[in-house]
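Novice: What follows is a structure written as structure tokens; I'll ask about it next.
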Amino acid sequence: MFLRSLAAAGLAALALSASPGFAQKAGGTMVKLVQPEPPSLASYLSTSGPIGLIAPKIYDGLFDYDNDLNMVPALATSVDVSEDGKTVTFALREGVTWHDGEPFTSEDVQFTVMEVLKVVHPRGPNSFREVTSIDTPDDYTAVFNLENPAPYMLRALSGYESPIVPKHLLEGQDLRSNDLINSPVGTGAFKFVEWRKGQYIRLDKNENYWKEGRPYLDRIVGRMIPDASTRTAAMENGEVHYGAYGAIPNIDAVRLREMPEFGVTTDGYSMINPMALIEFNTRKPPFDNPALRQAISLVVDREFLIENIWFGYGNPAKSALSSNFSAAGLFSDGLPNYPAGGNVDAAIAVLDEAGLTPDGNGVRAEFTLDLIPYGEDWRRAGEYMKQALQPLGIQVDLRYEDVPTWIKRIYSDYDFEMNVNYFYQLPDPVLGVHRHYGTDQIRQGTAFVNSSGYSNPKLDELLAAGAVEPDADKRSAIYSDIQQILADELPVANIFEMQFLTVYNEKLKDHATSALGAYGPFDGAWIDE
């Protein structure tokens, strides 16, 4: 049971997060790489990675999380959970204003969760699935009423995952086409000022921020630099201070980490659980046949990809769930179709047995492979997969487009066959994994949900049971069944558990104090000039 003392513990953790031996200095401009350019700044609509690099500086959540995954108070100062887990009461921070000067109240929380996150957010319908209503007995109390206990919900309250948005600006508006999409107004440490397309996004210090003395920085500038080598050069010559989520390719990061003026860290990703994967469009032949999906998963040499493209940062996927869920007893090992190295003979045998035989030219299938447009590493991964599939008699054309076009193609138009991507599995499968596979997650127009069109009533029952089962052993058994089904049917084939690198100038301090890392608020970051 979560008690009000949790808030004090979180504040203590926050206070201890500053760099030991340093006195924070106010002022200065931090320049960070934003790669690629975001499709929008509407983090309540899309969890696209580039949006996360900017929006959580503008929007707050009810809580943040430190690197030990302790809850740190933000717009909520404390939370109480009833004995039966069905009533969750948040005490909200008083005296907070939106960037336009209007007061923040419990009405904003109610509107955000019930009218926005549960409706249009990619993960919100799962995060808040059990929330049936929210009471607002006063301006600074929000009471969430749940159908069933949902402890995972308390891990989904950050400004990145569940941004609280202004009711007075969004109520009655089209959530998919309104002014806030590209000109956001939040309560966060930084105010949106300007977006020069193809160049930069500028955020300035919120002088009325609710956290006294914060932020330290006067400004954050997010620079868009399409070319990877130019991004690395900008880091080396001091034009930028910070690059995360592959903005600096691993091949350059391992070189820069040897230089005293730069640091490289894997901190700041502990809530993310990123997984590289392949999405198959099961609506279309030949990917309506599980045998082809199995063969592709069998032939991919996961260890080769990790060692040669990501320079050893990662672990081969073994299931639909990350092995990081082992601590919770939810991960299953030893499942079929997940070899660490490629197995060409096994893949061919699967295809032959299924009757997917080659024609007179030795071709079994031809299709287009779409690639997530997030940098050169993904292009190289696509080239590898094209070569890896040739011995199976599978011919592949690669397609690499800009972010808005790619998102529309995969998640709105379903105009694809096979897509290389990565998803965040987050701290609980309900938050990050269920959205791949549930029939209710076939939500055309919503990014990063069930694009494959996969629907299995038995699996739907198991997903629903896993979300609400309080007994650890029973929940483990449910997820064992889930993973077995998904290893056999493979609407999504996980490739490897990613380990992202953040490259930064050593002048930049206290940028990795949040478990969200680059997706954190950065109110405590400062520059030691």
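Okay, residues lined up against (1) of a type in the set (Asp, Glu); (2) over 21 Å from Gly246 (Cα atoms):
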residue: His434; (1), (2): no, yes
residue: Tyr437; (1), (2): no, yes
residue: Ser455; (1), (2): no, yes
residue: Glu469; (1), (2): yes, yes
residue: Glu489; (1), (2): yes, yes
residue: Ala493; (1), (2): no, yes
residue: Leu508; (1), (2): no, no
residue: Gly524; (1), (2): no, yes
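Novice: Only one of these conditions is not met by Tyr152: (1) in contact with a strand residue (DSSP E or B) (Cβ under 8 Å, 6 or more places away or on another chain); (2) surrounded by fewer than 23 Cβ atoms within 10 Å (Cβ to Cβ); (3) in a helix (DSSP H, G or I). Which number is it?
Specialist: The single condition Tyr152 does not satisfy is (1).
Novice: Sticking with this one: For the range 509-529, give me each residue that is out of contact with any strand residue (DSSP E or B) (no Cβ under 9 Å at 6 or more places or on another chain) and either under 19 Å from Val34 (Cα atoms) or among the polar types (S, T, N, Q) (or both). Steps first, please.
Specialist: Step one: of the range 509-529, the residues out of contact with any strand residue (DSSP E or B) (no Cβ under 9 Å at 6 or more places or on another chain) are 519, 529.
Once the filter is applied, which keeps residues that are out of contact with any strand residue (DSSP E or B) (no Cβ under 9 Å at 6 or more places or on another chain) and either under 19 Å from Val34 (Cα atoms) or among the polar types (S, T, N, Q) (or both), the range 509-529 yields only Tyr519.
Novice: Moving on. So the check is Cβ under 6 Å with 6+ separation or different chains; which pairs have a first residue in the range 235-263 that's closer than 11 Å to Thr502 by Cβ and a second one that's surrounded by fewer than 17 Cβ atoms within 10 Å (Cβ to Cβ)?
Specialist: Between residues of the range 235-263 that are closer than 11 Å to Thr502 by Cβ and residues that are surrounded by fewer than 17 Cβ atoms within 10 Å (Cβ to Cβ), the close pairs are Gly263/Glu506.
Novice: Here's something else I'd like to know. Being touching a helix residue (DSSP H, G or I) at 6+ places or on another chain (Cβ under 9 Å) and polar (S, T, N, Q) is the filter here; which residues of the range 68-107 pass it?
Specialist: Listed by number, the residues that qualify are Asn70, Thr77, Ser78, Thr105.
Novice: Take the conditions within 25 Å of Pro38 (Cα to Cα), crowded, with 20+ Cβ neighbours inside 10 Å and at pLDDT 95 or above and apply them to Glu171. Does it pass?
Specialist: No; evaluated as a whole, the condition is false for this residue.
Novice: Of the conditions (1) under 19 Å from Tyr424 (Cα atoms); (2) not in a helix (DSSP H, G or I), Asn145 fails just one. Which one is it?
Specialist: Failing condition for Asn145: (1).
Novice: Residues that are surrounded by fewer than 19 Cβ atoms within 10 Å (Cβ to Cβ), in contact (Cβ under 8 Å) with a residue 40 or more places away in the chain and small (Gly, Ala, Ser): does the range 300-320 have at least one?
Specialist: Scanning the range 300-320 turns up no residue that is surrounded by fewer than 19 Cβ atoms within 10 Å (Cβ to Cβ), in contact (Cβ under 8 Å) with a residue 40 or more places away in the chain and small (Gly, Ala, Ser).
Novice: Considering only residues that are over 14 Å from Tyr152 (Cβ atoms) and without any contact (Cβ under 8 Å) to a residue 24 or more places away in the chain, which ones fall in the range 466-477?
Specialist: Across the range 466-477, the qualifying residues are Asp471, Lys474, Ala477.
Novice: Hey, another quick one. Those residues that are of a type in the set (Gly, Ala, Ser) and either at pLDDT below 95 or under 12 Å from Ala26 (Cα atoms) (or both), I need them from the range 194-219; list them, please.
Specialist: Across the range 194-219, the qualifying residue is only Gly213.
Novice: May I ask you to list the residues in the range 355-367 that are among the small types (Gly, Ala, Ser) and exposed (fewer than 15 other Cβ atoms within 10 Å of the Cβ)?
Specialist: Result: Gly355, Gly360, Gly362.
To keep it simple, each residue is scored yes or no on (1) closer than 28 Å to Gly314 by Cβ; (2) open to solvent by 20 Å² or more (accessible area, probe 1.4 Å).
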residue: Glu469; (1), (2): no, yes
residue: Ser476; (1), (2): yes, yes
residue: Ile482; (1), (2): yes, no
residue: Pro491; (1), (2): yes, no
residue: Phe496; (1), (2): yes, no
residue: Phe522; (1), (2): yes, no
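Novice: Can you tell me which residue within the range 94-109, out of those that are among the charged types (D, E, K, R) and within 22 Å of Val79 (Cα to Cα), is least open to solvent (accessible area, probe 1.4 Å)?
Specialist: Only one residue tops the list, namely Asp108.
Novice: Of everything in the range 321-331, what is open to solvent by 50 Å² or more (accessible area, probe 1.4 Å) and not aliphatic (A, V, I, L, M)? Give them in sequence order. Break it down stepwise before answering.
Specialist: Going residue by residue through the range 321-331, those that are open to solvent by 50 Å² or more (accessible area, probe 1.4 Å) are 324, 326-328.
Within the range 321-331, Asn324, Ser326 meet the criteria.
Novice: Of all residues in the range 54-100, how many are part of a loop (DSSP other than H, G, I, E, B) and in contact (Cβ under 8 Å) with a residue 40 or more places away in the chain?
Specialist: Keep residues of the range 54-100 that are part of a loop (DSSP other than H, G, I, E, B), which gives 54, 58-62, 67-70, 74-75, 82-86, 93-96, 98-100.
The next check asks that each one be in contact (Cβ under 8 Å) with a residue 40 or more places away in the chain; those that pass are 54, 58-62, 67-70, 74-75, 83-86, 93-96, 98-100.
Final tally of qualifying residues: 23.
Novice: Can you tell me which of Ser46, Ser17, Ser78 is modelled with pLDDT of 95 or more, surrounded by 15 or more Cβ atoms within 10 Å (Cβ to Cβ), within 25 Å of Thr266 (Cα to Cα) and of a type in the set (Gly, Ala, Ser)? Steps first, answer last, please.
Specialist: Working: Ser17 fails: modelled with pLDDT of 95 or more; Ser78 fails: within 25 Å of Thr266 (Cα to Cα).
Every option except Ser46 fails the conditions.
Novice: Something else now. Within the range 191-219, how many residues turn out to be within 17 Å of Lys509 (Cβ to Cβ) and either crowded, with 21+ Cβ neighbours inside 10 Å or among the β-branched types (Val, Ile, Thr) (or both)?
Specialist: The total comes to 3.
Novice: Among the residues of the range 59-70 satisfying the criterion of being crowded, with 24+ Cβ neighbours inside 10 Å and of a type in the set (A, V, I, L, M, F, W, C), which is nearest to Val143 (Cα to Cα)?
Specialist: Among residues in the range 59-70 that are crowded, with 24+ Cβ neighbours inside 10 Å and of a type in the set (A, V, I, L, M, F, W, C), the one nearest to Val143 (Cα to Cα) is Leu62.
Novice: Oh, and also: Within the range 68-84, does at least one residue satisfy the condition of being of a type outside the set (Lys, Arg), within 22 Å of the chain's Cα centre (by Cα) and within 16 Å of Ile134 (Cβ to Cβ)?
Specialist: yes
Novice: From Gly268, Gly246, which residue is open to solvent by 10 Å² or more (accessible area, probe 1.4 Å), small (Gly, Ala, Ser), in contact with a helix residue (DSSP H, G or I) (Cβ under 7 Å, 6 or more places away or on another chain) and within 25 Å of Gln35 (Cβ to Cβ)?
Specialist: None of the other options fit; the residue is Gly246.
Novice: The conditions are (1) of a type in the set (Ser, Thr, Tyr); (2) outside any helix (DSSP H, G or I); (3) open to solvent by less than 10 Å² (accessible area, probe 1.4 Å), and Thr112 fails exactly one of them. Which is it?
Specialist: (2)
Novice: Run Asp370 past the list (1) touching a strand residue (DSSP E or B) at 6+ places or on another chain (Cβ under 6 Å); (2) open to solvent by 30 Å² or more (accessible area, probe 1.4 Å); (3) acidic (Asp, Glu) and report the number of the one that doesn't hold.
Specialist: Of everything listed in (1) touching a strand residue (DSSP E or B) at 6+ places or on another chain (Cβ under 6 Å); (2) open to solvent by 30 Å² or more (accessible area, probe 1.4 Å); (3) acidic (Asp, Glu), Asp370 misses just condition (2).
Novice: Restricting to the range 332-345, count the residues that are in contact (Cβ under 8 Å) with a residue 60 or more places away in the chain and either in contact with a helix residue (DSSP H, G or I) (Cβ under 6 Å, 6 or more places away or on another chain) or surrounded by fewer than 16 Cβ atoms within 10 Å (Cβ to Cβ) (or both). Spell out the reasoning first.
Specialist: To start, the set of residues in the range 332-345 that are in contact (Cβ under 8 Å) with a residue 60 or more places away in the chain comprises 332, 335-338.
Adding the requirement that they be either in contact with a helix residue (DSSP H, G or I) (Cβ under 6 Å, 6 or more places away or on another chain) or surrounded by fewer than 16 Cβ atoms within 10 Å (Cβ to Cβ) (or both) leaves 332, 335-337.
Total satisfying the criteria: 4.
Novice: Still on this structure: Taking the options Ile394, Ile407, Ile372, name whichever one is of a type outside the set (Phe, Trp, Tyr) and more than 25 Å from the chain's Cα centre (by Cα). Give the derivation first.
Specialist: On the way: Ile407 fails: more than 25 Å from the chain's Cα centre (by Cα); Ile372 fails: more than 25 Å from the chain's Cα centre (by Cα).
Among Ile394, Ile407, Ile372, only Ile394 is of a type outside the set (Phe, Trp, Tyr) and more than 25 Å from the chain's Cα centre (by Cα).
The values are calculated or read from the model by the stated rules, or taken from the named source; none is laboratory data. What you see is a predicted model; the values in this text were computed from it and never measured. As a convention, Cβ positions derive from the backbone with ideal geometry for all residues, glycine included, and neighbour counts pool all protein chains shown. Surface accessibility is based on the protein's heavy atoms, side chains included, excluding ligands, DNA and RNA. Shrake-Rupley method; radii C 1.70, N 1.55, O 1.52, S 1.80 Å.
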